[in-house]
Amino acid sequence: MLDIARATIEQAARGDIGAFEEIYRKTSGFVYNVAWRVTGNREDAEEIAQNVFVTVYRKLAGFRFEASLKTWLYRITVNLALNHVKKVSRARNVTVSYDDALAHPETGLEAAAASVQEPADRDRVERILEVLNPDQRACIVLRSIEGMSYQEIAQALNININTVRSRIKRARTTLSALQRKGIIEGVTS
Amino acid sequence: MKCRQIQDLILTDYTDNEAPEAVRRQVEEHLAACSACRQFQAAVRARAVEPLQEAERAQAPARLWSRVTSAIYAQPLEPAPAGVLERIKNLVAAPRPALALSTVAVLLVFGAVLGRLYFTGSVQRHQLAEAAVEEQIDYFAYGNVTIETDILDIGLEEIFS
């Protein structure tokens, strides 16, 4: 849980930049990491994190304390990151369906992997996450990297808890299948 | 539970500690007796769970805060819009005769229209239905279309119900 006093949030909402900086210091780490893991790119993550905090600063006056500040921040971050990923995907015209790939493993998985760019400086987690569709990726990042419960993820993404469960199941099925075939780096046993 | 259900739980609730205690026990009993599901569990852990749990966590770049403040100062915060209660209070606190009179006039006209609709509603609905039927007949008569009588019948019934 974030250790941010309600008074600090209210001060920041009135435009107090010092109070807003305190919020920033306590939350920028997870905002940046979620943006990085969902987009798979540190430069994009920086731009998204900037947009998240500008959005938060402008909308803080409307924050009603019904959800936690952290949940609200996760929601803004994931929404902006997903919008970015989907926009970039459309621009690249990447149309591989990973669900189709799993349905036709002999041809589909190679097609899916072939669409994945492999810059040299990518870490293993980036390469693993890149094969997932953006919605599944967001759920698996919030669960496996951020350690959120299914209920917290459902609230942050504003989706049904069974949708969270289904996306996590599909994501792990995809990751297991791709690593078994050696298409993405991992345990090959 | 069958292997398929156990494997679904391994992919989700069991691995993520979301399963109730009774379900957890059932999964563990099944795993103790089923080597195929034990292998499945080991593979999922190794390929889809542990690599992500070991993910590096990065610090936000130091320049991010100055980027945020530059963007904020480039477009300063606008005063928050007043809420509904605040707006009503302002209206009462600063009476404006012309506005008040025009509000009363609008309310009177609105009330008159509502009353007319209430008393003449059935007549108007009937007229609307007739107009709709006429439009349909015109459409089918002059348009180059094939009439599907069952669809037409349903339409007429609905209009006259």
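The values are calculated or read from the model by the stated rules, or taken from the named source; none is laboratory data. All of these numbers come straight from a predicted model, not from anything done at the bench. Neighbour counts are summed over all protein chains in view; Cβ atoms, including those assigned to glycine, are modelled from backbone coordinates with ideal geometry.
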Q. Out of the residues in the stretch A:31-58 that are under 11 Å from A:VAL78 (Cβ atoms) and among the aliphatic types (A, V, I, L, M), which is farthest from the other protein chains (Cβ to nearest Cβ)?
A. A:VAL38
Q | Condition broken by A:THR8, with the remaining ones in (1) surrounded by 24 or more Cβ atoms within 10 Å (Cβ to Cβ); (2) more than 10 Å from chain B (Cβ to nearest Cβ) satisfied | A | (1)
Q: Mind listing whichever residues of the stretch A:48-72 are touching a residue at least 24 places away in the same chain (Cβ under 8 Å) and surrounded by fewer than 23 Cβ atoms within 10 Å (Cβ to Cβ)?
A: A:ASN51, A:THR55, A:TYR57, A:LEU60, A:ALA61, A:PHE63, A:PHE65, A:ALA67, A:SER68, A:LEU69, A:LYS70, A:THR71
Q) Does any residue in the stretch B:16-37 that is farther than 22 Å from A:ILE153 by Cα come within less than 7 Å, Cβ to Cβ, of a residue that is of a type in the set (S, T, N, Q) six or more places away or on a different chain, and which pairs are these? A) B:LEU31/B:GLN41; B:CYS37/B:GLN7
Q.
Pairs please, first residue from the stretch A:25-46 and surrounded by fewer than 19 Cβ atoms within 10 Å (Cβ to Cβ), second anywhere and in a helix (DSSP H, G or I) and among the charged types (D, E, K, R), Cβ atoms under 7 Å, 6+ apart in sequence or on different chains.
A. none
**Q.** All positions within the stretch B:24-56 that are among the basic types (Lys, Arg) and within 9 Å of chain A (Cβ to nearest Cβ)
**A.** B:ARG47
Q: State whether one or more residues within the stretch B:16-23 are closer than 24 Å to A:ARG124 by Cα, within 14 Å of another protein chain (Cβ to nearest Cβ), crowded, with 16+ Cβ neighbours inside 10 Å and modelled with pLDDT of 95 or more.
A: yes
Q. In the stretch A:139-183, which residues are modelled with pLDDT under 95, crowded, with 24+ Cβ neighbours inside 10 Å and more than 9 Å from chain B (Cβ to nearest Cβ)?
A. A:ALA156
Q) From the list B:ASP8, B:ASP13, which one is assigned to a loop (DSSP other than H, G, I, E, B), surrounded by 13 or more Cβ atoms within 10 Å (Cβ to Cβ) and at the interface with another protein chain (Cβ under 10 Å from one of its Cβ atoms)? A) B:ASP13
Q: Could you list all residues from the stretch B:32-42 that are within 13 Å of A:ARG172 (Cα to Cα) and in contact with a helix residue (DSSP H, G or I) (Cβ under 6 Å, 6 or more places away or on another chain)?
A: B:PHE40, B:GLN41
